[in-house]
Amino acid sequence: MLRIRGTTYHFRRIVPLALRSALNQREIWVSLKTGYQSEARRRASLLHARTTELFDETFRVLAEGQERQAVPHVRDALKDLHRLVESPAGIEARPVPASIPRPRPQRMRKVAAVTASKPQALLLSEALTRFVLENPHASADTRKASQRAVELFLQTFGDAPVSIIGGEKAGAFRDLLFSLPASLGKRKSSLTLTEEADRAREDDSPTLSGKSVKNHMMRLSALWNQLLQRELVTKNPWTGWSFETGSKTIRRGWSTQELQTLMTGQWPSTSVPESTFRIITMIGAYSGMRLGEICHLRTEDVQTSDGIPCFVIRPHTGDGWSPKTEAGIRIVPVHSKLIEAGLLHLKDTPDGPYLIPGLNMSKEGVRGTVFGRSFSTMKTRLGLPAEITFHSFRHSVSTQLRNASADIREIWIDKLLGHEATHKSQGTSTYLSGITTANLKHTVEAISYPESIFRNGWS
C-alpha cells in the first residue's frame with residue numbers, strides 16, 4: 001500500500017496477525033525514495049513480492065515446528081528492501097515474480113518496436129549536463145549554482161523526464177526549500193532533505209531565507225527557458241512564484257515572568273504525560289540542549305566522567321538519530337538542580353532504552369514530535385509571544401553564561417552548547433578536545449533561575 005509523507009512515497013504493509021509474534025513487527029514501512037507516483041508503484045510492486053516471500057518463509061518455518069532462530073530476521077529483510085529501493089539497477093535485475101503474468105513474446109516484440117521508434121525522454125540530470133555544465137559560455141558560478149539547485153531537486157524527487165515536471169512538483173520543491181535549515185550544505189549529514197526539514201522543525205532552527213529559495217528556483221527557471229526554446233518542454237513551471245516570507249521572527253531567551261507563566265500553565269496533551277513535559281523543560285533550561293538531543297537520550301547516555309555525572313550526546317545507529325553537527329557530539333555535565341530533582345533515578349525507570357519516559361517514535365524516526373506540537377499549543381494558549389519557543393532555552397543559557405563571571409571562557413560555552421568554534425584553527429581544535437569535565441561542570445553550574453520556577457521538579 002502506498003503512503004505519501006511530505007514529498008516522498010512510502011511502502012506500507014501490515015504483517016499478518018499470526019506472524020507478528022514471530023517477526024516482532026506489526027507492519028513493514030519502507031521509504032520508496034521517490035516523489036513520482038508511477039515510479040513509486042513500480043517499486044512498491046517489487047517490495048510487495050519480497051514481503052510475500054518473507055511471510056511465506058515464516059509460515060513454513062512455524063508450520064514445520066522449527067526453532068525460533070530459524071524464523072527469517074525481519075531486520076535483515078528490511079535492509080534488503082532498503083537496498084533494492086536505493087539501487088534501481090538492483091531492482092531491474094531482480095527476476096519478475098512468478099505471480100506476475102509475463103507478456104506474450106509477440107506483444108513484447110511489438111512494444112520493443114514502438115519503443116525503438118520513440119525518442120528517449122530527456123532526464124533532468126541530462127538537461128543539466130547538456131545545457132549548463134557542458135555549456136562553454138556558462139560561468140563557473142552559474143554551473144555551480146545550477147548544479148546545486150538540480151541536486152536538491154533530485155534528492156527530493158529523483159530523476160525524471162523534464163517533460164513531466166510541472167507546477168505541482170515545482171510548488172512542492174519551493175515549500176520544502178522554505179523548511180530546510182539555513183545550515184544545509186555547511187556540514188556533513190546523512191539525513192534526507194525531508195528528514196533535514198523535520199529536524200529543523202523539531203529544533204526550531206533558522207530556515208532558508210526567501211532570497212536563497214528564490215535563487216534556487218531562478219536557476220531551474222533559467223534551465224527551463226533553454227528547454228522551452230528547444231521545444232523540449234511546453235511551459236516553465238518555475239516562474240511566477242512568490243518568495244515573500246514576511247518579517248523573520250527574531251528568537252530570544254525566556255524572561256522570568258514568561259517562564260513562570262509556562263510552568264504554572266495547564267499542559268494540554270493527553271498522549272504525553274505532564275511529568276514528561278516538566279522533565280524535558282527542566283533539562284532544556286539547565287543544559288541548553290536541543291529538544292531532539294533530550295528526547296533521544298538513552299539510559300546509557302548518563303555516564304560519570306571524572307567523577308561528574310554527564311549527558312553523553314552521540315549518534316545512535318539503532319534508530320538513525322545523530323546530533324546536528326560534529327560539534328554536537330559532546331558531553332554535558334548534569335546540573336546539580338537536575339540531580340536534586342531526581343534525574344539520575346530515571347535510569348532505573350523501566351521505559352525501554354530511553355531516558356525520558358512517555359514519548360513515542362514517529363514514522364520518520366523522530367522521538368518527541370508530539371511533545372513539540374503540544375509545547376507549541378500550550379505556549380499559544382498561554383498567550384506567550386512567538387519570539388520564544390523551546391529552542392529559546394538555548395538562547396537563555398547562552399545569554400546567562402556570557403554574562404556570568406569572567407572566569408567562564410567563551411570556548412567552554414561553545415563546547416557545552418555544541419557550537420562550532422569561532423576560530424577553526426588547529427590550535428582551537430586541539431584545545432576544544434582538551435577542555436576538562438570540571439571546567440564544563442563549572443560552566444553549567446552558572447545557569448540559574450529563581451527558586452519558585454522549578455521548585456516542584458517534575459513530581
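Filter segment 121-178 down to the residues that are aliphatic (A, V, I, L, M) and in a loop (DSSP other than H, G, I, E, B), then identify the one that is nearest to Arg230 (Cα to Cα).
Once the filter is applied, the top-ranked residue is Leu122.
For Glu244, the conditions (1) more than 29 Å from Val397 (Cα to Cα); (2) modelled with pLDDT of 90 or more; (3) of a type in the set (Asp, Glu) are fulfilled apart from (2).
Scanning segment 17-32 for residues that are open to solvent by less than 70 Å² (accessible area, probe 1.4 Å), in contact (Cβ under 8 Å) with a residue 40 or more places away in the chain and not hydrophobic (A, V, I, L, M, F, W, C) yields Gln25, Ser31. Applying the condition of being of a type outside the set (Lys, Arg) and within 26 Å of the chain's Cα centre (by Cα) to segment 128-147 and asking which residue is most open to solvent (accessible area, probe 1.4 Å) yields Gln147.
I need the full set of residues from segment 290-306 which are out of contact with any Asp or Glu (no Cβ under 9 Å at 6 or more places or on another chain) and without any contact (Cβ under 8 Å) to a residue 60 or more places away in the chain, in order please. Listed by number, the residues that qualify are Leu297, Arg298, Glu300, Asp301, Val302, Gln303, Thr304. Looking only at segment 148-167, residues that are open to solvent by 70 Å² or more (accessible area, probe 1.4 Å) and at pLDDT 90 or above come to 4 in all. Note on segment 384-424: among residues that are outside any helix (DSSP H, G or I) and among the basic types (Lys, Arg), the one that is farthest from Ser255 (Cα to Cα) is Lys424. The requirement of being among the aromatic types (Phe, Trp, Tyr), in contact (Cβ under 8 Å) with a residue 60 or more places away in the chain and under 30 Å from Gly167 (Cα atoms) is satisfied by Trp238.
Identify, please: which residue in segment 244-267 is in a loop (DSSP other than H, G, I, E, B) and open to solvent by less than 40 Å² (accessible area, probe 1.4 Å) and is, among those, farthest from Val213 (Cα to Cα)?
The extreme case among them is Gly265.
Checking the structure you have, find out if any residue of segment 328-344 is open to solvent by 30 Å² or more (accessible area, probe 1.4 Å), in contact with a Cys (Cβ under 8 Å, 6 or more places away or on another chain) and without any contact (Cβ under 8 Å) to a residue 24 or more places away in the chain. No; the residues of segment 328-344 include none that is open to solvent by 30 Å² or more (accessible area, probe 1.4 Å), in contact with a Cys (Cβ under 8 Å, 6 or more places away or on another chain) and without any contact (Cβ under 8 Å) to a residue 24 or more places away in the chain. Of the helices (runs of 4 or more DSSP H) lying entirely inside segment 1-107, those containing at least 1 residues that are among the charged types (D, E, K, R), over 23 Å from Asp198 (Cβ atoms) and at pLDDT below 70 span 74-86, 88-93.
Restricting attention to segment 269-282 and to residues that are more than 19 Å from Ser452 (Cβ to Cβ) and crowded, with 17+ Cβ neighbours inside 10 Å, the residue that is modelled with the lowest pLDDT turns out to be Ser269. Among residues of segment 187-211 that are open to solvent by 40 Å² or more (accessible area, probe 1.4 Å), those with a beta-carbon under 7 Å from a residue that is at pLDDT below 75 and assigned to a loop (DSSP other than H, G, I, E, B) at least six positions away or on a different chain give the pairs Arg187/Thr325; Glu195/Glu364. Please go through segment 330-383 and give me each residue that is under 22 Å from the mean Cα position of the chain (by Cα), assigned to a loop (DSSP other than H, G, I, E, B) and β-branched (Val, Ile, Thr), ordered by number. Scanning segment 330-383 gives Ile356, Val366. Filtered by the rule that a residue be assigned to a helix (DSSP H, G or I) and open to solvent by less than 10 Å² (accessible area, probe 1.4 Å), segment 292-315 gives Gly292, Glu293, Ile294, Cys295, Asp301.
The values are calculated or read from the model by the stated rules, or taken from the named source; none is laboratory data. Treat the numbers as computed from the prediction; the structure is a model and nothing was measured. Here the Cβ is made from the backbone with ideal geometry for all residues, glycine too, and neighbour counts use every protein chain on show. These area figures cover heavy atoms from the full protein model, side chains too; ligands, DNA and RNA do not enter into them. Shrake-Rupley method; radii C 1.70, N 1.55, O 1.52, S 1.80 Å.
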